[in-house]
Amino acid sequence: MKIKPSYQYQLIDNLKSIMIYYIIIICVYIVVLYTTAVTTSTGVSFNGLEIATLIYLFVSGLCAFKDNFLMLEQNSVSRKTMFNTRILIAFTICLIMAVIDKLLLTAFIAIAVASGSSIQVISLFGMLYTNAGVISTIWMHIAGLIFSFCFYLSVLAVGYFITVLFYRLNKLGRVAVGVGVPAFLCIGLPILNATVADGKIGDAYIKLMVFAMGISGSGSANQPSNAIISGLVVFAIFSLFGWLLIRKAAVR
């Protein structure tokens, strides 16, 4: 089995779940729009459709490895082909979902305005980069599409890396990573930051996120290019780590 049939197999499998996801999203919006129209005259916000997509893609990445890996192994597909196919799938579904999200948000806004509803529909990009200094509405849409695409790639790669890592670990390792890492991040690191580092770890993290997201000191984000590059860097790093794990993964 070469790249093309492997790609087609995984793409069809992903498109089925993507279709179900968007049916649910559309139904939720219809319910919100109807409820707002019949129950209240005050403003209601429907913000960050992309956040729901990020969650979906993270979970999709978590569920994307084992079954496909075993199926492709049975059909004598090389690890390199698996990796290349996975990259192509990631680019394809993230681009598809970025475009659909942009179209849905545009349609939701138009419907809300046309119906006279008090609901306010704002994208994640619009919330973060309202003062981005872009010079035209067209560029705002293009930048928002690229922003969504890159962040979708990064989240999908992180989810996929996690599931490959857990596949490679033994039972003790899974428990240690599954319990130890969240415990360290949520409990150990804050304690270490407060007692040993005198808050410097937290300050460094905030500075890193401010730079990565392109957020100015005043709180108005003005450099979406930083966030776009950050998304691509995260995707590249976790894809590389994923490849290092996949290349010697045993069938079990």
Charge context of Lys248, other residues only, Cβ under 14 angstrom, K/R +1, D/E -1: +4
Using alpha-carbon coordinates, inclination of helix 49-62 to the longest axis of the chain, degrees: 10
Estimated inter-spin distance, Ile55 and His141, nm [label 7 Å along Cα→Cβ]: 2.8
Between segment 48-89 and segment 151-202, the alpha-carbon center distance in angstrom: 21
Mean Cα-pair separation over length for segment 3-246, i.e. relative contact order, pairs under 8 Å, 6 or more apart, %: 28
Within the chain, helix-based [θ] at 222 nm, where runs of 4 or more DSSP H residues each add -39,500 (n - 2.57), nearest 500: -26000 deg cm²/dmol
Given charges at Cβ of Lys, Arg, Asp, Glu: segment 3-246 dipole, positive-most of Phe58, Ser123, Gly199: Phe58
Cα long-axis angle, helix 79-115 against the chain (0 to 90 degrees, to the nearest 10): 10
For segment 3-246, with +1 on Lys and Arg beta carbons and -1 on Asp and Glu, the positive-most of Ala114, Gly173, Gln223 along the dipole: Gly173
Pairs of lysine residues in the chain - Cα separation under 30 Å, sequence separation of 8 or more or cross-chain: 19
Helix 171-183 vs. the chain, principal-axis angle (Cα, 0 to 90°, nearest 10): 30
Kirkwood Rh in Å, taken over all unlike Cα pairs in segment 160-252: 16.0
Magnitude of the charge dipole, the chain, Cβ model with Lys/Arg +1 and Asp/Glu -1, debye to 20: 1040
Correct option for Cα extents along the principal axes in Å [calculated from the coordinates] among (1) 45, 45, 34; (2) 59, 53, 37; (3) 51, 40, 33: (2)
Ranked by how many other beta carbons lie within 10 Å on average, peptides 69-82, 171-184 from highest: 69-82, 171-184
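Laboratory data are not the source of any read-out in this text; all were calculated from the coordinates shown. Note that the structure is a prediction, hence the values are computed from the model and not measured. Backbone-built Cβ (ideal geometry, glycine too); neighbour counts: all protein chains shown.
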